[in-house]
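**Student:** So that we are looking at the same thing, I have put the structure below in structure tokens.
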Amino acid sequence: MKSFECRMCGECCYGEGGIYVTGEEQEALARFLDIPLKALCHTYLEQRNGRTYIRTGMDHYCIFYRKGVGCTIHPVKPQRCALWPYYPANVRDRETWELAKLTCRGLNRECAFEDFVQEAQDILFNLRPRTEGDT
Ligand code: SF4
Ligand code: SF4
């Protein structure tokens, strides 16, 4: 039984942007959109508290979210988005995971916390950058 399967509801793409993007992610985004980095920063990103965030649109969704389509930058979306729901807080703390289930319908209500943690460990291990010595 899978502990998570995204239902594409867009709930996690709604709200005043907490999605920050690193320099590398900005470059990948600019390449993906085929626009200069400067244009990306001007049109899609904003600075807050010393960090660079994705803007929200007039509808209060992330500017890259399209109803009926979902994330339009899926292949290069920031790690913060790609990791959901396997955030450390959700994996470490049962109550945080329970709270996450209230907003994310992709989290399987039938699944035990332990199964979610196991799935998260497998996924995070596979995301880990390979280094010399890995087999
Ligand atoms: S809230 Fe959950 S189910 Fe909905 S789009 Fe986000 S990750 Fe998918
Ligand atoms: S980058 Fe994509 S997944 Fe992340 S909030 Fe925006 S639309 Fe949603």
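Values in this text are rule-based calculations from the coordinates and carry no lab data. Computed from a prediction, not measured in an experiment: that's the story for all the values here. Because the Cβ atoms are built from the backbone with ideal geometry, glycine has one as well, and the counts that use them run over all protein chains shown.
**Student:** Pick from Ile54, Ile73, Ile19: which residue has the top mean-square fluctuation in a GNM of the chain where Cα pairs under 10 Å get a spring?
**Tutor:** Ile73
**Student:** Also, I was wondering about something else. How big is the charge dipole of the stretch 26-67 about its Cα centre, in debye rounded to the nearest 20, if each Lys and Arg gets +1 on its Cβ and each Asp and Glu gets -1 on its Cβ?
**Tutor:** Charge dipole of the stretch 26-67: 80 debye, to the nearest 20.
**Student:** Loop sites only, by DSSP: take the GluC sites (Glu not before Pro) in the chain that have at most 16 other C-beta atoms within 10 Å and name the longest stretch containing none of them.
**Tutor:** Values: sites that count: Glu5, Glu16, Glu110, Glu132.
The longest such stretch corresponds to 17-109.
**Student:** When the chain is modelled as a GNM with alpha-carbon springs shorter than 10 Å, which of Arg31, Arg55, Arg80 fluctuates the most?
**Tutor:** Most flexible of the set in this elastic network: Arg31.
**Student:** Same structure, new question: How much length is gained on full extension from Asp122 to Ile35, taking 0.36 nm per residue of separation minus their Cα-Cα distance?
**Tutor:** Working: separation 87, 0.36 × 87 = 31.32 nm, distance 3.53 nm.
Working it through step by step, the gained length comes to 27.8 nm.
**Student:** I would also like to ask the following. Dipole of the chain, Cα-centred, from +1 at each Lys and Arg C-beta and -1 at each Asp and Glu C-beta, to the nearest 20 debye?
**Tutor:** Using only the charged Cβ atoms, the result is roughly 440 debye.
**Student:** What does the stretch 14-73 give for Rg and for Dmax, in Å, if only its C-alpha atoms count?
**Tutor:** For the stretch 14-73, the Cα radius of gyration and maximum Cα-Cα distance read 11.2, 33 Å.
**Student:** Report the percentage of all Cα-Cα pairs in the chain whose separation exceeds 25 Å, rounded to a whole percent.
**Tutor:** 35
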